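What follows is a set of notes on a single structure, which appears directly below.
The values are calculated or read from the model by the stated rules, or taken from the named source; none is laboratory data. Because the structure is a prediction, the values reported are computed rather than measured. Cβ sites come from the backbone with ideal geometry, for glycine too, and all protein chains shown count toward neighbours.
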Amino acid sequence: MKERRYDLYGDVKCRFCLEENEDDDHMIYCKQLSDKWIAIANNTVCKCNQTIKNFLLQEKNIQLSQKNTGKLKIIVKTKRIALTIAALFLEVFVNEFYNIIWQPRCKVTAEWEHTKGIKKQDLRKKPLAHQRIVYKRILTLQTEDGIYDLENLERKY
């Protein structure tokens, strides 16, 4: 939001923790979202499990036992089946992310915009040249030990 409309969102922080600037990395590592990410992962696995079993049984008439259920390498022998399973996981994951994190974030952001007096017509206007800020993205990786700059391969914090 800041990158597109700094004039409107210059002082905004993550709408969940209200502490950090919100970017792609922060959405993943925000402490207020950790339980939601776990829910997304659990829901994705649960919703995909039975669908995958049914698909594999129908596709190759494979008998799944407790012994080979977790061994996808043995079960998935064709690229088409692997891509179908990957697409299923991705579709379920995206839907779960949208429902558990993105929709609530949009709702909270809309409420914040309302308190700041930001209207839809304000969002449609182009910002003036002096109000634009171009951010240079630095690829980073956040671990328990700190944040690493992936371009220079060094620890930042």
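Listing for the model above:
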| quantity | calculated |
| --- | --- |
| Out of T69, T115, T78, sole residue that is among the β-branched types (V, I, T), out of contact with any His (no Cβ under 9 Å at 6 or more places or on another chain), over 22 Å from W37 (Cβ atoms) and at pLDDT 80 or above | T115 |
| Residue identified as modelled with pLDDT of 90 or more and in contact with a Pro (Cβ under 9 Å, 6 or more places away or on another chain) among F93, F16 | F16 |
